[in-house]
Amino acid sequence: MRPIGRIRSTSGNLFRRSNGRRLSGIGAAGVVLGAIPAWWTLAAPGVPPTVGNAFDTYGAVGFFVALGTLFLLIAPDAFGEQLRFDQWPVHVGLVGTAMLGFIATLIGAAITATGYDLPLSVVFGIDRAPGLWITMVALGVWVSGVAQIVDARDDR
C-alpha cells in the first residue's frame, strides 16, 4: 500500500507544467482575491453612499468560475491523473464566462452611476474600487494563460 502523498502523476506536477497553465492559475487566483474588495462606490449629495463588490452582482460568477479553474489546474496533482474534460475549450469557456460576468457588472454599475449623474472616474476610481482593478488585471493574466493553452492545444 502506497502512503498518501506518494502518488505519482503522469502529467507532472503543477510547477513543471506549461507557462499557460501557470498564468491561467495566477489569473484565476487574482480574480478570486479581487472579488472581495469594493468594485464601485456610489456617493452623491442626497444619495446614501453605496459600496459594492463582486458578490452584489454577476461578478460572483467570475469568482466561482475562477475557483473551478483552480480546481481544474490542481486536479491532476490531487487525483494522480489528468481529468478527461481538462481540454482547451473548457478553459476558453471558463474564462469567457468570467469575462461576461465582469462586463455585466461594469455595465450595471455604470448605468446606475449615470442615473445619479456621477462621473465614472469617481465611481470606478482606483482608490474607490480596488477590487475592480485587481480583477481586471487578473482577468488579463488569465486570458493570456488561456491563449497559451489554446496555442499549445495538447498542453496538460
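Every read-out reported here was derived from the displayed coordinates using simple, explicitly stated rules and does not represent laboratory data. All figures in this text were calculated on a predicted structure; none of them were measured in a lab. Here the Cβ positions follow ideal geometry from the backbone for every residue, glycine too, while neighbour counts run over all protein chains shown.
Things worth noting here:
- Any hit, the range 32-44, residues being assigned to a strand (DSSP E or B) and either out of contact with any strand residue (DSSP E or B) (no Cβ under 8 Å at 6 or more places or on another chain) or closer than 13 Å to residue 102 by Cβ (or both): yes
- Entirely in the range 74-154, the helices (runs of 4 or more DSSP H) that have 2 or more residues that are free of Cβ contacts under 8 Å to residues at least 12 places away in the same chain and under 30 Å from residue 42 (Cβ atoms): 88-115, 120-123
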